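Novice: Dumping the structure here so I can ask a few things about it.
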Amino acid sequence: MTEDSVQHTEAKTNNRRSHSVATIVVFGLLVLIGVALMYSPRWGNDVIAPEDTGEPLQVQGETLPESLPVKLMIPSINLSSEFEAPLGLQKDGEIEVPKGYEKVGYYKHGPTPGELGPAVILGHVDSVDGPAVFFSLGQLKEGDEIRVERADGTIAVFAVTEMERLPQSNFPTRKVYGDIDHAGLRLITCTGTYERDKLRYTHNLIVYAKLLRTEMVSGG
């Protein structure tokens, strides 16, 4: 497995704990001489930190305390996936990636889903055996619900607000990882055309969502 280096910086707000704003890996599966390789395309040379205006955020809507995600459910595309152990950064600055193709990974240096700020979840789009957990992510539409079951027995229910397909060289770092005034979610995978000569896909798919409501796990 090979990955490009990932640089990161930290940003603080008055309303939430410090979270790393990282040039996070957005990944896909590559096949070279029958061997599956993970790659981490660069998002450019500049690490863009969130703007600090010095003004406290005016929080919009409900937010939840910190609690690790345990299950991701997206009814409209029949997706139900457990989470692997939270993803961090390796000693060399490269991001950890999910080990399996049927589970998603939560980036632990950001907010947990439901907290104030942009929680980030990554998943594979395919594998040597076929579609992976986020293969159908591009079928989502504005308003579709994304449900994240949390370790504290709550379910954070998000609604899709926007989707972007952008070249990997033009990743919107500030938009994805910068401070926001609500509990947000970003689901990220690869899309576009697989370029065999470069061993990578051409684009990233980013799904943006906003916390809609909170439910309790049945029986909780």
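Novice: Among the residues of segment 198-218, which ones are surrounded by fewer than 20 Cβ atoms within 10 Å (Cβ to Cβ) and touching a His at 6+ places or on another chain (Cβ under 9 Å)?
Specialist: 210
Novice: Okay, moving on. Give all pairs with beta carbons closer than 7 Å in which a residue from segment 178-196 that is at pLDDT below 95 meets a residue that is open to solvent by less than 20 Å² (accessible area, probe 1.4 Å) and of a type in the set (Phe, Trp, Tyr); count only pairs at least 6 apart in sequence or on separate chains.
Specialist: 189/134; 190/27
Novice: Out of curiosity, is residue 202 out of contact with any Lys or Arg (no Cβ under 9 Å at 6 or more places or on another chain), over 18 Å from residue 112 (Cβ atoms) and polar (S, T, N, Q)?
Specialist: The answer is yes for residue 202.
Novice: Among the residues of segment 114-128, is any open to solvent by 40 Å² or more (accessible area, probe 1.4 Å), of a type in the set (Asp, Glu) and more than 14 Å from the chain's Cα centre (by Cα)?
Specialist: Within segment 114-128 (the criterion being open to solvent by 40 Å² or more (accessible area, probe 1.4 Å), of a type in the set (Asp, Glu) and more than 14 Å from the chain's Cα centre (by Cα)), the answer is no, since none of the residues qualifies.
Novice: State which residue is modelled with the lowest pLDDT when the search covers only segment 88-105 and only residues that are in a strand (DSSP E or B) and either on the phi > 0 side of the Ramachandran plot or crowded, with 23+ Cβ neighbours inside 10 Å (or both).
Specialist: 95
The values are calculated or read from the model by the stated rules, or taken from the named source; none is laboratory data. Quantities reported herein were computed from a predicted structural model and do not represent experimental measurements. Glycine also receives a Cβ, built like all others from the backbone with ideal geometry; neighbour counts cover every protein chain displayed. Accessible surface is based on the protein model in full, side chains and every heavy atom, while ligands, DNA and RNA are left aside. Shrake-Rupley method; radii C 1.70, N 1.55, O 1.52, S 1.80 Å.
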